[in-house]
1. Run the numbers for ILE91 and PHE263: contour at 0.36 nm per residue of separation, minus the present Cα-Cα distance, in nm.
2. Where nothing but the Cβ of Lys and Arg (+1) and of Asp and Glu (-1) is charged, how large is the charge dipole of segment 1-71 around its Cα centre, in debye to the nearest 20?
3. Between beta-carbons, use under 15 Å as the cut-off and find the net charge around TYR243, counting Lys and Arg +1, Asp and Glu -1.
4. Compute the acute angle (0 to 90°) between the alpha-carbon long axis of helix 126-135 and the principal axis of greatest extent of the alpha-carbon atoms of the chain; round to the nearest 10°.
5. Averaging over all projection directions, find the projected area of the Cα convex hull of segment 122-211 and quote it in nm² with one decimal place.
6. What angle do you read, to the nearest 10 degrees and between 0 and 90, between the alpha-carbon axis of helix 34-43 and the longest principal axis of the chain?
7. Pull out the extension gain between LYS55 and ASN333, defined as 0.36 nm times the separation in residues minus the alpha carbon to alpha carbon distance; nm, one decimal.
8. Given the -39500 (n - 2.57) contribution per DSSP H run of 4+ residues, what per-residue ellipticity at 222 nm results for the chain, rounded to the nearest 500 deg cm²/dmol?
Amino acid sequence: MKAIQFGAGNIGRGFIGAVLAEAGYEVVFADVVEDLLSQINARKEYSVHVMDTNKKDILISNVRAVNSNSEEVVTEIANADIITTAVGLRILKFVAPAIAKGIATRKANGKEEPLNIIACENGIRATSQLKELVFSHLDKETANWASSHVGFPDAAVDRIVPPVRCEIPLDVAVEEYFEWDVDKSSFVGAIPNIPGMTLVDNLEAYVERKLFTLNTGHATAAYIGSLRGYKTINESIADPIVYDMVKGVMQQSGEGLVKKFGFDHDAHFSYIEKILKRFQNPFLQDECNRVGREPGRKLAHNDRIILPILTAKGFGLPYDKLLIVAGAALLFNNPEDPQCTEIQQSIREKGLDQTISQLTGLPLDDSLIKEISNAYVNCQSFRV
């Protein structure tokens, strides 16, 4: 069995690639970083260091790598059993052409075995987005063939994989906890047996539960913690002021999720407590600058800050703490992050309200614009 994992970074190696390798797949990493590809092909193995209460090392072997822009990756796709991605939503458009070529090659070679493609990204229906991009590169005949031979199951993924420096550069540090939930209705052919991959019916609920609890809370810890001068998430969450904000934000988001999906209230709030403990993991020195990067993307109308606000407001629930996160995201100022620079420049040149409108997609006359603007001013009180 062969799996192609687009993205050989920490998440690709430490999470999805590792799960596939442990399930018995030969994992072929596809990436563009030549030094990384060379290291994988030279060693053909690496270790995943579980840095948690229960520490352990997992050796991942039977791996190799190809350049995702090469014809070689097309040949690999033509003979693969499953394809996964961990590249970020914005990069999916760059991997779609190679996947489309691989699908066309499978058809030309008369390969009838099914192929399933799963985008393991932080976003709603990321695989569906990838499918649309892939099909835009297929002619009508190949697209019709792919509809019955290639599955595109959506997924929700959850594991904290910080960029910890290991003695062997290929090794990865991860937390023990992980979830990989996949929509079982969208597979083509027999569903592969992959320990660690959970098949679910109502995927949207799992995606939003994770995105608007863990990711919303993570962003809060990064943005409020950064304002208070902290460098890492566990430092931030150790501050009672940050802890209370993170917990309050996840609870406000959670009330909306309970209303929207009918989650059991006590069970969901227990899930929040579990996430708070994960943020406190002293072994994962996850940096606020990493978690908070690309604040403009995180302020989009369907992402981890604005959509929970809209959901809570739609149900008539409180969202004042979520507003503060929006304000703190606008204040986040990592000089190495181009989006931070662009946001600060936009605020100076176009004004705060216009910038908020452009980032969030909210009309300029929407009352939320002024509420976020006020939160931007008020949350500066968190500065130390």
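1. On the way: separation 172, 0.36 × 172 = 61.92 nm, distance 3.27 nm.
Contour length minus Cα-Cα distance gives 58.7 nm.
2. On the way: 7 positive and 9 negative charges, 39 e Å.
It comes to approximately 180 debye.
3. Values: positive: ARG228, LYS247, LYS274, LYS277, ARG278, LYS321; negative: GLU235, ASP239, ASP244, GLU273.
Net charge around TYR243: +2.
4. 50 degrees
5. On the way: hull surface 31.1 nm².
Convex hull of Cα atoms, orientation-averaged projection: 7.8 nm².
6. The two axes meet at around 60 degrees.
7. Values: separation 278, 0.36 × 278 = 100.08 nm, distance 3.45 nm.
Between LYS55 and ASN333, full extension yields an extra 96.6 nm.
8. On the way: 18 runs with 186 residues, N = 384.
Mean residue ellipticity, 222 nm, calculated: -14500 deg cm²/dmol.
The values are calculated or read from the model by the stated rules, or taken from the named source; none is laboratory data. Please read all numbers here as calculations on a predicted model, not as lab measurements. Note that we place each Cβ from the backbone using ideal geometry, even for glycine, and neighbour counts take in every protein chain shown. Accessible surface is based on the protein model in full, side chains and every heavy atom, while ligands, DNA and RNA are left aside. Shrake-Rupley method; radii C 1.70, N 1.55, O 1.52, S 1.80 Å.
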